[in-house]
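Note sheet for the following structure.
The values are calculated or read from the model by the stated rules, or taken from the named source; none is laboratory data. Note that the structure is a prediction, hence the values are computed from the model and not measured. In this analysis, Cβ positions are derived from the backbone assuming ideal geometry, glycine residues included, and neighbour counts consider all displayed protein chains.
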Amino acid sequence: MRNRYSHFTLLFIVCLCSLLFHPNAVSASPERLKKATFIPQWVPQAQFAGYYVALKYGMYKNHGLDLRIIAGGPARPSSDLLKNHKADFATLWLSTAIPLRDQGVPLINIAQTMQKSALMLVAKKNSGIVKPADIEGKKIGLWGPIFQVQPKAFFKKFNLDVKIVRQSFSVNLFLRDGVDVASAMWYNEYHTILNSGLNPDELSTFFFHQHGLNFPEDGIYTLEETYRKDPDLCRSFVRASLEGWRYAFSHPEETLDIVMKNLEKAYIPATRVHQKWMLERMRDLMLPDDAEIPMGKLVPGDYRRVANGLKENGLIKNIPDFNDFYRNCYEK
Amino acid sequence: MTSIGTVMKNRGLAFKLTILILSSISIIFFLIFSYNYSVSRRIIVSNIEKNARNLSLATVNRIDMVLNAIEKVPENLAAFAEHTSHASSDYIDLIRMVVENNPEIFGAAIAFEPYVLGADTPRFAPYFYKKEGGIKYAHLAYDYFFRDWYQIPKELNRPAWTEPYFDEEGGQIIMATYSVPFYKVVAGEKKFMGVVTADISLEWLQKIVDSIKIAETGYGFLLSKNGTFVTHPDIKLVMNETIFSVAEARNDPELRKLGRKLIRGEKGFAPFQSLVTGKACWMVYAPLASSSWSLGVLFPQTELMADITRLNGTVLFLAVAGFFIIFAVIIWIAGTITRPLRALSRATEHVAVGNLDAQVPRIKTSDEVGKLAHSFDAMQTSLKQYIQKLTETTAARERIESELKIAHDIQMGIIPKTFPPFPDLEEFELYASIVPAKEVGGDLYDFFFMDEDHLCFVVGDVSGKGIAAALFMAVTRTLIKAKATQLLNAGAVLTRVNEDLSLENPSMMFVTLFMGILNIRTGEMEYANAGHNPPYIMGVDGSLKPVKPTGDCILGVEEGFEYRTKNLLLKEGETIFVFTDGVTEAMDEANALFSEKRLEKRLVELHDRSIESILSGVMSSIENFAQNAPQADDITMLLLRFHGNR
């Protein structure tokens, strides 16, 4: 009997502690939470782990948000949902967002989460490509226009004449030697190539950010209107999201559990090793070791580089004003 | 080693026997078992490998047969499209027919490059596919130009199988597409026109591979060219993981290496850990000739080895059981051998301490132990007899010895032993001694007055030892006493003694003898020597000279021999030292002789002592010299010191 009594005491202490320290526990009352919706630009993979972690561990609640995440994917372009007021917040590539703004969609960047460009070119060393000059005259697989800005600037920089082949969403053409060089996202296709049996030492990689062509990709966007109505909402969303990201990076295994569960729920085949790779690369891209840029900041230089690139390729007519385009929401 | 050796040495026969035989048997068992195990294992593995190769080859052929047949269809269609010009409707009919007539083909299409069929046709791709028992038509209206099934054959300029993929329209089935590019020669240049495709559902292929069941958990799996699992018993891997992502997840570089071999289209046989059970398996792998996909077939080691393991278990059990049987048999045999031996050993212990009547155990067997017991019995009997005989002979010998002793005592008794012999006479001193050897010897000395002035003294040595020598010596002494009268000189006495001795001497005994006759008033001395050691004359000044030899022969040998008499004069204080060869031929432990040289040296040292001291001094020198060597001969010394009329 004494034992049971002491067990109850212990249980009570444990409960008390968890109430005090569990992130979910400290929450504002539901009446005071502001409703908001968010859509990532693709399926709930590790590329968006931070947002799901923030949701799961109550970081949004802690910032006064009652957030709902709309599953992204090929059927639901995040830009459309944002434009049509179906989502309050969305992630987009910087090089997607600038043309949208140029086309008159009144979106603004409220946080640049990714500081480095993950887009890269990959070639097999046995095709004789080890340095940029070796690409001369080769067949290159490139994705759609937005993804061609950096490669084209790269070819121009190294004065390369290449044969461009439109690349699908698989890397099979490259694996079968249908093209000599393939486009790849470092956190995705590159790992797919590795997991198709090619070893890193058999591959030549060309990271655009290493060649002065850094086009930072993922950022958080909202409509000007949303920001005007409730800038605090935007700031809360950004800060809670960044908090989620920081937690995700310091707790990778927990994070991967969440990511895998979400993917399973969405019936998306996924492998944990791939998501792990993706999460690790997101950390490299969002919190680069060699840069002092705080997560969330859009660096004007990066903005100008991307916008100029887009303009040179005829993807935008005018470069939107930086101050119209970006609102600093990560700082208090 | 020593400790084991000591242990073995101190143990009984049964123990040694048991240990040695059992350890030999254990080694033999172990060798047989190991050999049996390794050989049977090798045979099984080799059979498994052979079967595995055959099975995988058969499976690969079965799959390839279907794929090859399917490949022909779009190839023929492509040739048809290349060589003639057709209306769009012809293609549509043709594709429909292909899908209708080929049960293996799930769908087929012909897809053209943009605008090759006219400026108003940006794309043309009629597609027929099976659905719900019927055939459906679809016009592919999307940009199919960037799909793998279109792009890969286009860029490679050759037909190609796509990676397997999930068909999103026809339900959750895995498909693969075989695409054949076709061309048209326009203005002498070969121009790419499009591709003809045939889709196959991989359900049948999955069924074929899934039907591979080896033992309990052995299975087959198929990898695409990229290493993706097309079929696998673990459904989570199928179309989701590659062998490389599994290797990464398991942090298993060996698996990655193996995966690279597989996708390179290599054939082989390798150890492999089952992805389902985690058990050690062998995997045989072989590529499909058509699509370059790779078939792996897993053979679970423990399960296939179950028979051999069971067999080896039985063999081991039999070996252990046999071991114990042999152990028991050895214990029994050792017991039957050593029990009588132990009884015998106890009996010998009794015999050893002298109990010759101890009962020797009756052993009826006629083996070595029986023989030993019999021999021991015989030995005991003959030992008893021997001891009896020995007791008798010992008694006889003891009697003889006591008689000999008496003879010796008598012999010694007839020799004068009172010194000084003539205490009233001041003209000379005389001292003599015989130290007899163990046996009754033949040395003699004697002295007596022939008349008032003439002292006769003799020292002799009879040849040989024992009773005969003693008797001969007694006879000699008696004869000398009888013959030595004042009428005769020394030589004449010896001549007569010799006559008598050699007359009846069948045993050819002889005696050496020195005889001196001293005029105690004048010191004149006549002497005769029958082959005896010449005595020494010791001067007062320590000078030493031997008495001149007479050159005569020993007594008792030559009848009628005339002995000569010689004369010398003893001055006052001079001493004559007469001795037998027992002195000079005394031997030490190394059989070295005491010799004249040592004697002379000792005599010179002792010249001024009393004659008793000289005698005892020489004697102690001999004793020191001989140490523990037994005395071989009688030692006889006689000293006579002449003083004259003082």
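What the table below lists for this structure:
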{"quantity": "Scope segment A:59-75; condition part of a strand (DSSP E or B) and either under 14 Å from the mean Cα position of the chain (by Cα) or surrounded by fewer than 18 Cβ atoms within 10 Å (Cβ to Cβ) (or both); matching residues", "calculated": "A:Asp66, A:Arg68, A:Gly73"}
{"quantity": "Test: B:Leu258 is within 14 Å of another protein chain (Cβ to nearest Cβ) and within 25 Å of B:Lys50 (Cα to Cα)", "calculated": "yes"}
{"quantity": "Failed item in (1) more than 28 Å from the chain's Cα centre (by Cα); (2) within 14 Å of another protein chain (Cβ to nearest Cβ), with A:Val181 passing the rest", "calculated": "(1)"}
{"quantity": "Subset of segment B:228-255 [part of a loop (DSSP other than H, G, I, E, B) and more than 8 Å from chain A (Cβ to nearest Cβ)]", "calculated": "B:His232, B:Pro233, B:Asp234, B:Ile235, B:Lys236, B:Leu237, B:Asn251, B:Asp252"}
{"quantity": "Filter result for the condition that a residue is within 14 Å of chain B (Cβ to nearest Cβ), in contact (Cβ under 8 Å) with a residue 40 or more places away in the chain and in a helix (DSSP H, G or I), over A:Phe174, A:Phe147", "calculated": "A:Phe174"}
{"quantity": "Condition check for B:Ile43: in contact with a helix residue (DSSP H, G or I) (Cβ under 8 Å, 6 or more places away or on another chain), at pLDDT below 90 and not polar (S, T, N, Q)", "calculated": "no"}
{"quantity": "Residue match in segment B:42-54 (condition: under 30 Å from B:Tyr183 (Cβ atoms) and assigned to a helix (DSSP H, G or I))", "calculated": "no"}
{"quantity": "In segment A:234-251, the residues that are among the aliphatic types (A, V, I, L, M) and over 23 Å from A:Thr96 (Cβ atoms)", "calculated": "A:Ala240, A:Ala248"}
{"quantity": "Residue list for segment A:201-210, restricted to those being in a helix (DSSP H, G or I), more than 14 Å from chain B (Cβ to nearest Cβ) and touching a strand residue (DSSP E or B) at 6+ places or on another chain (Cβ under 7 Å)", "calculated": "A:Phe208"}
{"quantity": "Filtered residues of segment A:264-291 (kept if within 14 Å of another protein chain (Cβ to nearest Cβ), surrounded by fewer than 20 Cβ atoms within 10 Å (Cβ to Cβ) and in a helix (DSSP H, G or I))", "calculated": "A:Glu264, A:Arg272, A:Glu280"}
{"quantity": "Residue among B:Tyr115, B:Tyr178 that is over 60 Å from the mean Cα position of the chain (by Cα) and more than 24 Å from B:Asp64 (Cβ to Cβ)", "calculated": "B:Tyr115"}
{"quantity": "Residue ID - farthest from B:Val196 (Cα to Cα), chosen from residues in segment B:64-89 that are free of Cβ contacts under 8 Å to residues at least 40 places away in the same chain and outside any loop (DSSP other than H, G, I, E, B)", "calculated": "B:Met65"}
{"quantity": "Residues within segment A:190-200 that are away from every other protein chain (no Cβ under 12 Å) and at pLDDT below 95, tallied", "calculated": "0"}
{"quantity": "Selection status of B:Tyr183, hydroxyl-bearing (Ser, Thr, Tyr) and surrounded by 17 or more Cβ atoms within 10 Å (Cβ to Cβ)", "calculated": "no"}
{"quantity": "Test: B:Val7 is of a type in the set (A, V, I, L, M) and modelled with pLDDT under 85", "calculated": "yes"}
{"quantity": "Residue that is farthest from A:Arg272 (Cα to Cα) [pool: residues in segment B:210-226 that are more than 60 Å from the chain's Cα centre (by Cα) and surrounded by fewer than 23 Cβ atoms within 10 Å (Cβ to Cβ)]", "calculated": "B:Ser211"}
{"quantity": "Matching residues in segment B:261-271 - criterion: being away from every other protein chain (no Cβ under 14 Å) and either in contact with a helix residue (DSSP H, G or I) (Cβ under 7 Å, 6 or more places away or on another chain) or acidic (Asp, Glu) (or both)", "calculated": "B:Gly268, B:Phe269, B:Ala270"}
{"quantity": "Residue within segment B:329-352 that is in contact with a His (Cβ under 7 Å, 6 or more places away or on another chain) and at pLDDT below 85 present", "calculated": "no"}
{"quantity": "Any hit, segment A:165-181, residues being under 17 Å from A:Leu310 (Cβ atoms) and in contact with a helix residue (DSSP H, G or I) (Cβ under 6 Å, 6 or more places away or on another chain)", "calculated": "no"}
{"quantity": "A:Thr91 being crowded, with 23+ Cβ neighbours inside 10 Å and over 20 Å from A:Pro252 (Cβ atoms)", "calculated": "yes"}
{"quantity": "Residue match in segment A:218-227 (condition: surrounded by fewer than 20 Cβ atoms within 10 Å (Cβ to Cβ), more than 14 Å from chain B (Cβ to nearest Cβ), in a loop (DSSP other than H, G, I, E, B) and touching a residue at least 60 places away in the same chain (Cβ under 8 Å))", "calculated": "no"}
{"quantity": "Strands (runs of 3 or more DSSP E) wholly inside segment B:113-227 containing at least 2 residues that are over 20 Å from B:Ile263 (Cα atoms) and away from every other protein chain (no Cβ under 13 Å)", "calculated": "B:126-131, B:134-139, B:173-186, B:189-201"}
{"quantity": "Residue in segment A:235-258 that is outside any helix (DSSP H, G or I), buried (at least 19 other Cβ atoms within 10 Å of the Cβ) and within 14 Å of chain B (Cβ to nearest Cβ) present", "calculated": "no"}
{"quantity": "All positions within segment A:150-171 that are under 26 Å from the mean Cα position of the chain (by Cα), away from every other protein chain (no Cβ under 14 Å) and either surrounded by fewer than 22 Cβ atoms within 10 Å (Cβ to Cβ) or aliphatic (A, V, I, L, M) (or both)", "calculated": "A:Lys152, A:Ala153, A:Phe154, A:Phe155"}
{"quantity": "Looking only at segment B:61-91, and only at residues there that are β-branched (Val, Ile, Thr) and modelled with pLDDT under 90, the one that is nearest to the chain's Cα centre (by Cα)", "calculated": "B:Ile63"}
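For (1) part of a strand (DSSP E or B); (2) within 57 Å of the chain's Cα centre (by Cα), each residue gets a yes or a no:
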| site | (1), (2) |
| --- | --- |
| B:Val583 | no, no |
| B:Asn591 | no, yes |
| B:Lys601 | no, no |
| B:Ile614 | no, no |
| B:Val618 | no, no |
| B:Thr636 | yes, no |
